[in-house]
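The structure appears right after this line, and notes come after that.
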Amino acid sequence: PYAVSAIMILDAATAKYTYLDSFAGSVVVSGLSSNTFYYAYAVSTNGTATVEYSTTAPTTNSVNPLYKTGDETRRYLFTFYATGAAAVRPFYAIRGKYLWLDDPVYIVTSGAGSTSFSSSVSIAAAAPNHSKRLQLQVALRDNNGSSNNLVKVRPGNTSLPGIPVCDIMAGGVDVKATEPVILPRIGDGGVEWKTAAADGVVDIVVAGWDE
């Protein structure tokens, strides 16, 4: 289901800009390609609103995505991810902020602690290319208890020092800390991480993203 506030759009029939009043409904999907992002667009035909979806991403500017690439008569509404021919990864979105619901996306699972930044981890299945920020959940667990430890994360393919998260003090065994962090999407769009001490294992989940 979706709800759209009044928008201005280039009418597909008249080739003139018009306002569409607020409208709501549901998108029925079928024939989707698995593991693919889709983009929903509003279409005005003589002032009548419909919604369609496509694998063609929207154009973007410094503020937000606006139209389907190559077709200004398709006004961008929202993004969804297909996990099957008629299956969509559950999500909630409002004003360009997306949250994956019961199917969070693990991009690192039981990564061995290392004091050097990892190579960039792909987020291709977690957030579309036009996303600007990632909402991560980072966990450090199974610390051997011999030292303080923490995880740092940074945007992929950058020289930034990293954002410290999941600080664990010495003295614990099988300790687990899980903390959220919002990471800007820059560089190659991926995520890099490292630990302060070369022990423990790391999990990183993309809980959502902003556009």
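The values are calculated or read from the model by the stated rules, or taken from the named source; none is laboratory data. Only a predicted model underlies this, so the values are computations on that prediction, with no experimental measurement involved. Virtual Cβ from ideal backbone geometry, glycine too; neighbours counted across all protein chains shown. Only protein heavy atoms, including side chains, enter the accessible area calculation; ligands, DNA and RNA are left aside. Shrake-Rupley method; radii C 1.70, N 1.55, O 1.52, S 1.80 Å.
When the residues of segment 123-151 are filtered to those that are hydroxyl-bearing (Ser, Thr, Tyr) and either touching a strand residue (DSSP E or B) at 6+ places or on another chain (Cβ under 7 Å) or open to solvent by less than 50 Å² (accessible area, probe 1.4 Å) (or both), the one that is nearest to Leu66 (Cα to Cα) is Ser131. Within segment 153-211, can you find the residues that are among the small types (Gly, Ala, Ser), in a loop (DSSP other than H, G, I, E, B) and free of Cβ contacts under 8 Å to residues at least 60 places away in the same chain? Answer for segment 153-211, where residues must be among the small types (Gly, Ala, Ser), in a loop (DSSP other than H, G, I, E, B) and free of Cβ contacts under 8 Å to residues at least 60 places away in the same chain: Gly156, Ser159, Gly162, Ala170, Gly171, Gly172. All conditions but one from (1) open to solvent by 60 Å² or more (accessible area, probe 1.4 Å); (2) within 14 Å of the chain's Cα centre (by Cα) apply to Ser159; the one that does not is (2). Residues in segment 162-176 that are open to solvent by 20 Å² or more (accessible area, probe 1.4 Å) and at negative phi: Ile163, Pro164, Asp167, Met169, Ala170, Val173, Val175, Lys176. Among the residues making up segment 1-54, those that are of a type in the set (Val, Ile, Thr), open to solvent by 30 Å² or more (accessible area, probe 1.4 Å), closer than 18 Å to Tyr98 by Cβ and outside any loop (DSSP other than H, G, I, E, B) are Thr36, Val51.
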